[in-house]
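Engineer: One structure, as structure tokens, below. Some questions next.
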Amino acid sequence: MAIEATGNSSLQKLASTYKATDKETEEKEDYLGREDFLTMLVAQLQNQDPLNPMEGSDFSAQLAQFSQLEQLVNLNDGMEKMTAAFEESSQIDVTGYVGKEVTGRVDTIEVTSGAATSGYYELTETSDIMVTIYNEEGNPIQTLYPGQKGPGEYSIEWDGKDYQGNVVEDGAYTYDVMANSGDGFASLSTTKTGTVDGIIYQGGQPYLMVDGLPINPESIVSVSTPEPKETPMSPLDYLGQNISYSDHILAVDGENITGEGIRFELETQENTVIQIFDADGNEVNRLEIPAESTVTGENVVQWEGTDSAGNSVSDGIYSYAVASDSGQAQLADSGEVTGIKYINDTQYLVVGDHGDIVSLSSITGVN
């Protein structure tokens with residue numbers, strides 16, 4: 001509404017000031033009647049009775065009312081901004097999911113420029129599969145028949161076309177997976193559990209990436225913090241510790257062989273066989289020890305680092321196994337770590353006073 005003030009310079013200044021202010025808010029609905037209020041005030045001043053002019057106090061009171069009106073309008077604008085800020089802050093903070101373990105429904109395929117993302121489903125038994133894809137209105141637009149699938153995880157590949165072969169419009173499409181394992185088709189739950197690796201945006205919508213699959217944050221049904229992974233112990237951490245282990249190895253370096261021999265215990269004298277294996281598990285020598293050459297208790301046998309033909313074996317790591325007629329031969333399987341030894345750039349633990357070596361991968365416990 002335009003305001004024309006004539007014959008009074010003060011009123012003209014007031015009206016022009018209001019016009020400048022009104023340009024900033026011309027897009028808003030002036031539902032409080034601010035413009036009407038000012039128009040009436042100016043008209044009242046222009047048309048007042050010259051014999052009974054408005055008193056200054058009345059004019060001041062009306063200006064005060066206008067000022068209050070302005071304050072109410074500004075307060076309303078501030079409340080609208082606060083509401084908008086609150087609504088924005090209350091939206092899901094998708095970045096807070098990164099690193100968390102989530103379980104969510106995976107039933108949406110995004111189509112962008114005619115290209116469709118992959119869907120997902122998981123089977124626990126062999127089944128015939130049928131996938132139906134729906135538009136935003138919930139109407140089926142395509143049905144896929146992947147065929148019979150065994151237990152495992154599978155992706156849904158769709159070319160982004162409807163029943164008529166037309167490329168569908170860009171947007172989000174839901175799908176339903178039906179599985180028939182012999183008792184008829186039944187709807188299959190399509191949920192995915194895993195750690196959120198990152199965030200991607202498809203069609204302006206943020207999605208959580210879980211094992212390469214995009215999951216809508218609104219479909220999340222559970223969130224948890226993964227248990228921290230234990231940091232593997234370094235060789236130095238084992239020093240002074242009493243460990244148990246599963247393998248029994250020897251290292252050959254020229255004429256030097258680690259340890260003080262192959263040690264084992266027998267409950268009684270009996271025939272014993274020691275097998276020596278290379279790093280590939282091939283037997284390179286077999287030492288047969290008659291019963292009369294054994295003792296009850298600890299036995300120590302020296303291997304000269306030769307194969308069954310008497311030739312020196314190549315430098316490297318060799319393992320051994322001991323068997324007796326009764327099967328009661330016992331090999332040392334625990335001891336205190338007394339040092340660390342490097343063999344072919346690999347670290348091994350030295351166990352006990354006999355200089356036996358143990359690989360880190362064979363440790364079964366730390367006492």
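The values are calculated or read from the model by the stated rules, or taken from the named source; none is laboratory data. Remember, it's a predicted structure, so these values are computed and weren't measured experimentally. Side chains included, ligands, DNA and RNA excluded: accessible areas come from the protein's heavy atoms. Shrake-Rupley method; radii C 1.70, N 1.55, O 1.52, S 1.80 Å.
Engineer: Given 10 Å bins starting at zero, what is the percent of C-alpha pairs of the stretch 222-360 in each, up to the one with the largest pair distance?
Structural biologist: P(r) over the stretch 222-360, rounded to whole percents: 11, 36, 32, 13, 5, 3, 1.
Engineer: Heavy atoms only, probe 1.4 Å: what % of the accessible area of the stretch 126-225 goes to carbon and sulfur, would you let me know?
Structural biologist: Values: 2420 of 5410 Å².
On the stretch 126-225, the fraction of accessible area on carbon and sulfur atoms equals 45 percent.
Engineer: Would you mind estimating how fast the stretch 109-160 diffuses translationally, via Stokes-Einstein at 4 °C and 1.567 mPa s with the Kirkwood radius over Cα pairs, in µm²/s?
Structural biologist: Details: Rh = 12.0 Å.
The estimated diffusion coefficient comes to 108 µm²/s.
Engineer: Check which residues have an amide H placed less than 5 Å from residue 174's amide H, if you skip close sequence neighbours.
Structural biologist: Amide H neighbours of residue 174, under 5 Å, 5+ apart: 109, 134.
Engineer: Sticking with this structure for a sec: Tally up the carbon and sulfur contribution to the accessible surface of the stretch 250-319 as a whole percent, 1.4 Å probe, everything protein left in place.
Structural biologist: Numbers: 1510 of 3950 Å².
Carbon-and-sulfur percentage of accessible area, whole number: 38.
Engineer: Which value results when the Cα radius of gyration for the stretch 157-314 is divided by 2.2 N^0.38 Å? Display every interim value, and only then the final one.
Structural biologist: Details: Rg = 31.8 Å, N = 158, 2.2 N^0.38 = 15.1 Å.
The reported ratio for this selection is 2.11.
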